1. Would you mind stating whether residue B:34 is open to solvent by 10 Å² or more (accessible area, probe 1.4 Å) and under 12 Å from the mean Cα position of the chain (by Cα)?
2. Of the numbered conditions (1) of a type in the set (Gly, Ala, Ser); (2) within 14 Å of chain A (Cβ to nearest Cβ); (3) farther than 30 Å from residue A:130 by Cα, residue B:89 satisfies every one except a single condition; which is it?
3. Among the candidates A:45, A:15, which residue alone is facing chain B (nearest Cβ under 7 Å) and assigned to a helix (DSSP H, G or I)?
4. If a residue must be in a helix (DSSP H, G or I) and either β-branched (Val, Ile, Thr) or open to solvent by less than 20 Å² (accessible area, probe 1.4 Å) (or both), how many such residues does segment B:76-93 contain?
5. What's the number of the condition residue B:73 fails, among (1) closer than 24 Å to residue B:38 by Cα; (2) open to solvent by less than 90 Å² (accessible area, probe 1.4 Å); (3) within 16 Å of DNA strand C (Cβ to nearest atom); (4) touching a strand residue (DSSP E or B) at 6+ places or on another chain (Cβ under 9 Å)?
6. Which of the residues belonging to segment A:52-65 are farther than 16 Å from residue B:21 by Cα and under 13 Å from the mean Cα position of the chain (by Cα)?
7. Could you please let me know if residue B:96 is in contact (Cβ under 8 Å) with a residue 24 or more places away in the chain, open to solvent by less than 70 Å² (accessible area, probe 1.4 Å) and not in a helix (DSSP H, G or I)?
8. When segment B:101-129 is examined, which residues are found to be crowded, with 19+ Cβ neighbours inside 10 Å, at the interface with chain A (Cβ under 9 Å from one of its Cβ atoms) and more than 15 Å from the chain's Cα centre (by Cα)?
There are 2 protein chains.
Amino acid sequence: MHPDDFDLTDFLPYLLNQAAEECSLAFQKHYKDRYGMLRTEWRVLFHLGRFGTLTAQEISARSKMHKTKISRAITKLEHRRWLKRDTDAKDRRRELLQLTPLGQKVYHDLVQVAHDHQLELLGQFKMTDAKALQDMLKRLARLQ
Amino acid sequence: MHPDDFDLTDFLPYLLNQAAEECSLAFQKHYKDRYGMLRTEWRVLFHLGRFGTLTAQEISARSKMHKTKISRAITKLEHRRWLKRDTDAKDRRRELLQLTPLGQKVYHDLVQVAHDHQLELLGQFKMTDAKALQDMLKRLARLQ
DNA sequence: GCTTGTTAGTTACAAATGCAACAGTTAGCG
DNA sequence: CGCTAACTGTTGCATTTGTAACTAACAAGC
C-alpha cells in the first residue's frame, strides 16, 4: 500500500480516541465542576451504583482499568464517605465495596446527567444507526 | 428516569473509551516496542507524514491535542532526527516542521502496520457497516 | 513609532498515571 | 502440618500529563 493512500482521519484507533475525547468532555464538566471527581472516580462510582456490591478486582475486570487506579479512586471516594468497605469474612483479602446513601445520591444525580447527555449525543442519528453504533463499539471493546 | 434503567455499558463516552483503549493497545505495541514512541509522538509523526510541512499550531488544531504535548513530542522526534524544524521567514514565531528521510522511513513502516491493523479491526463488520461506523465517529468527533 | 493585545511555542510545577515491588491472605500439595 | 505458589490490594518511584506563567514575535490603533 502506498502511504499516501492512508488517511489518518479514517484510522479507527485515532478516530475512536477523537470521538471518545470529544464526547467525554461535556460530561466531564459535570462530575469535575460539581463534585471535583476524576474520570476514574466516576467510573468506580458508576460501577458500584449500577451493580451494587463489588470488590476492586471485580471493578477492574469489568472496566479493564488498572488496579492501582482503582485503588486510589476507592480511597478518595471513601474519604468523601461515598462508599464504605467491609472485609469479606470468607476471604480476608477481598474488600466488599458499596455506596453509602450519600454516594448513591451523587450517583443518581450523575446518572440523570449521563442519560441526558447520551440522548443528546445519539439524537443526531437514526435510532437504528445509534443501536448499530453501540453494538459495533461493544464488539470492538470486546464487551460482547 | 430511574437509575436502574441506566446501563453503564451502553453509555457512549464510556463505550467509546473502552473501544478506543482496546483498539489502540494492539497498535501501540508496534510503535512502542519497535520505536519506543508514545501515542503523542506517533500522532505528530503521522500528521507530518500524511500532510507534509505543518506547524505545531496546525497539528494542534487538526488533532485537538494540547500544544504542550505537541511541543514535547516534537522535541523528542527532533532528537531522534525524525523531523527538522525551520523558522518561517515570514513569521518568525512559526516553526515549519517536516519529516527527515529517516522519519519518513519510520512513518512508512508504521503506516503499513496501521493499515493492516485497520483491516483486521474492520474485517469483522460488513463493508457498509464499517463505513457507517467511521462516519458516525467522525460526526461524534466533530470532524465532519 | 509606541502602546496594547494577540499568537506561537516553551517551561515550571503540580497532579495523575504505570510499573514494579511489597504485605497480607488463601490455596494446593507433598 | 509446612512449604510454595497465587491472589488482593497498597505503596514508592519514575514517567506523563495538564495548567498557568512565561518569552519572543507580530498586528492594530493611535
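1. So residue B:34 fails the test.
2. That leaves (2) as the condition not met.
3. On the way: A:45 fails: facing chain B (nearest Cβ under 7 Å).
The match here is A:15.
4. Within segment B:76-93, the first condition is being in a helix (DSSP H, G or I), and the residues that meet it are B:76-79.
Checking which are either β-branched (Val, Ile, Thr) or open to solvent by less than 20 Å² (accessible area, probe 1.4 Å) (or both) leaves us with B:77.
Residues flagged as in a helix (DSSP H, G or I) and either β-branched (Val, Ile, Thr) or open to solvent by less than 20 Å² (accessible area, probe 1.4 Å) (or both) within segment B:76-93 amount to 1.
5. It fails just one condition, (4).
6. Residues of segment A:52-65 that are farther than 16 Å from residue B:21 by Cα, as a first pass: A:52-59.
The answer is A:59, and nothing else.
7. Values: in contact (Cβ under 8 Å) with a residue 24 or more places away in the chain: yes; open to solvent by less than 70 Å² (accessible area, probe 1.4 Å): yes; not in a helix (DSSP H, G or I): yes.
Yes; evaluated as a whole, the condition is true for this residue.
8. The answer is B:121, B:122.
The values are calculated or read from the model by the stated rules, or taken from the named source; none is laboratory data. Source: prediction; values computed, not measured. No Cβ is skipped: glycine too gets one built from the backbone with ideal geometry, and neighbour counts run over all protein chains shown. Ligands, DNA and RNA are excluded from the accessible area calculation, which covers all protein heavy atoms including side chains. Shrake-Rupley method; radii C 1.70, N 1.55, O 1.52, S 1.80 Å.
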